[in-house]
C-alpha cells in the first residue's frame, strides 16, 4: 500500500472501510459517496462543482454530460485496443482521452488531497513516485505474461486496488483505472467483460480490496474471457 507506514495505512483504512459500509447502509447522506470538494482549487468559487470546459455549474447536469461523453470515449478505446506501454504516460493518456473535452486538468495528477466517504486516498505528494514504483513492478513481472487465468485475475485485482488507493487524478479515476486494467488483460489475450458482473458488486469489491482483494479477484476471474 502507498503510504508512509504500510502497517498504519492498512490498520486505519481497515477501520475506515467498515465505518464506510456502516454509514453507506445506515447513514443519512453517505449513499452518494462523493469526493470531499470543500475548498478545492479544482472547483468554482463557493461551489462543489468541478471547473469544466462546458462551464456547467450544476453538478447533476455536469455528471450527465460527463457520463455521455466518457461512455462514447470508452467505446472508442475498446475499438482502439491497447494505446500505451503500461507506464505512467499510458495512464495519463487514457485520462486525457476520456476527459479532455470536459476538464482542463485531464491527464494531470492531482495537487490536493481527496477523500471519498470516510476513506482518504494517497497524499498527492506520493502519487508520482509510488506510481512509478508500482508500474515498474508490473514491468518486472513482464506485464503478467504467461500466467494462468486464476493468477492473472489475482494480479489484475492487486494492481487495480493499488491504483485505486493512489487515485492519481482529481476526477475520473475509476474509469481510467478500469480501462488500464482492461488493456492489461487484453495484452494477455483476455477480454475483461465487466458486463458479466453487477456494477454494485464490482464497486463493493473494489472498496473492500483496500484490505482484501479476494472478492475482486473472483469477480475479475468471472469477467475474463479468452480473446477470440
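Spot the failing condition for residue 138; the list is (1) free of Cβ contacts under 8 Å to residues at least 12 places away in the same chain; (2) touching a helix residue (DSSP H, G or I) at 6+ places or on another chain (Cβ under 9 Å), and only one is missed. If we test residue 138 against (1) free of Cβ contacts under 8 Å to residues at least 12 places away in the same chain; (2) touching a helix residue (DSSP H, G or I) at 6+ places or on another chain (Cβ under 9 Å), just (1) comes out false. Among the residues of the stretch 114-127, those that are touching a helix residue (DSSP H, G or I) at 6+ places or on another chain (Cβ under 7 Å) and either loosely packed, with under 14 Cβ neighbours inside 10 Å or farther than 17 Å from residue 203 by Cβ (or both) comprise 122, 127. Number of residues in the stretch 192-225 that are within 21 Å of residue 121 (Cα to Cα), part of a helix (DSSP H, G or I) and touching a strand residue (DSSP E or B) at 6+ places or on another chain (Cβ under 9 Å): the value is 1. Selection within the stretch 146-180: residues that are touching a helix residue (DSSP H, G or I) at 6+ places or on another chain (Cβ under 8 Å) and not in a helix (DSSP H, G or I). The member of this set that is surrounded by the fewest Cβ atoms within 10 Å (Cβ to Cβ) is 147. Whether any residue in the stretch 204-226 is under 15 Å from the mean Cα position of the chain (by Cα) and loosely packed, with under 13 Cβ neighbours inside 10 Å is what I want to check. The answer is no, given that none of the residues of the stretch 204-226 is under 15 Å from the mean Cα position of the chain (by Cα) and loosely packed, with under 13 Cβ neighbours inside 10 Å. On the stretch given as the stretch 65-105, residues that are touching a residue at least 60 places away in the same chain (Cβ under 8 Å), crowded, with 19+ Cβ neighbours inside 10 Å and not in a helix (DSSP H, G or I) total 2. When the criteria are applied in full, residue 57 fails the requirement of being modelled with pLDDT of 95 or more and touching a helix residue (DSSP H, G or I) at 6+ places or on another chain (Cβ under 8 Å).
Let's see how each residue does on (1) more than 15 Å from the chain's Cα centre (by Cα); (2) farther than 29 Å from residue 222 by Cβ; (3) without any contact (Cβ under 8 Å) to a residue 24 or more places away in the chain:
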| site | (1), (2), (3) |
| --- | --- |
| 112 | yes, yes, no |
| 145 | yes, no, no |
| 151 | yes, no, yes |
| 160 | no, no, no |
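Only a single criterion out of (1) surrounded by 13 or more Cβ atoms within 10 Å (Cβ to Cβ); (2) modelled with pLDDT under 95; (3) at positive phi is not satisfied by residue 40, namely (3).
The values are calculated or read from the model by the stated rules, or taken from the named source; none is laboratory data. Keep in mind that this is a model prediction, so the values were computed, not measured. All Cβ positions, even for glycine, are placed from backbone atoms using ideal geometry, and neighbour counts span all protein chains on display.
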